[in-house]
Amino acid sequence: GAQSERYRDLCVRLPADEDAAPVLLREVLAEGASRGWKLLSAVKEPGADVLLVTWDTSGSFAG
């Protein structure tokens, strides 16, 4: 249904270089914003260099 497609989870692999991480995050956030998505949460997976980013896509016109 439409509800299940409203929220989109993205797994972002964080670079080993900590200086590169903010740049990567800015790109991820900019891409979401360009689609009209709203950022709900960004949670780092414990013990992993992975960031789980959850978007609310209700603001997008795609689909």
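Starting from the stretch 13-24, keep only residues that are closer than 16 Å to Pro46 by Cα, then list their pairs with residues that are surrounded by 10 or more Cβ atoms within 10 Å (Cβ to Cβ) and basic (Lys, Arg) whose Cβ atoms are within a distance under 8 Å, requiring at least 6 positions of separation or different chains.
Correct list of pairs: Leu14/Lys44.
Yes/no per residue for (1) at pLDDT 90 or above; (2) of a type in the set (Ser, Thr, Tyr); (3) in a strand (DSSP E or B); (4) surrounded by fewer than 13 Cβ atoms within 10 Å (Cβ to Cβ):
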| residue | (1), (2), (3), (4) |
| --- | --- |
| Leu10 | yes, no, yes, no |
| Pro22 | yes, no, no, yes |
| Arg26 | yes, no, no, yes |
| Ala30 | yes, no, no, yes |
| Leu39 | yes, no, yes, no |
| Val43 | yes, no, yes, yes |
| Pro46 | yes, no, no, yes |
| Val53 | yes, no, yes, no |
| Ala62 | no, no, no, yes |
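How many residues does the stretch 16-32 hold that are under 20 Å from Glu5 (Cα atoms) and touching a strand residue (DSSP E or B) at 6+ places or on another chain (Cβ under 8 Å)?
The total comes to 3.
The values are calculated or read from the model by the stated rules, or taken from the named source; none is laboratory data. Remember, it's a predicted structure, so these values are computed and weren't measured experimentally. No Cβ is skipped: glycine too gets one built from the backbone with ideal geometry, and neighbour counts run over all protein chains shown.
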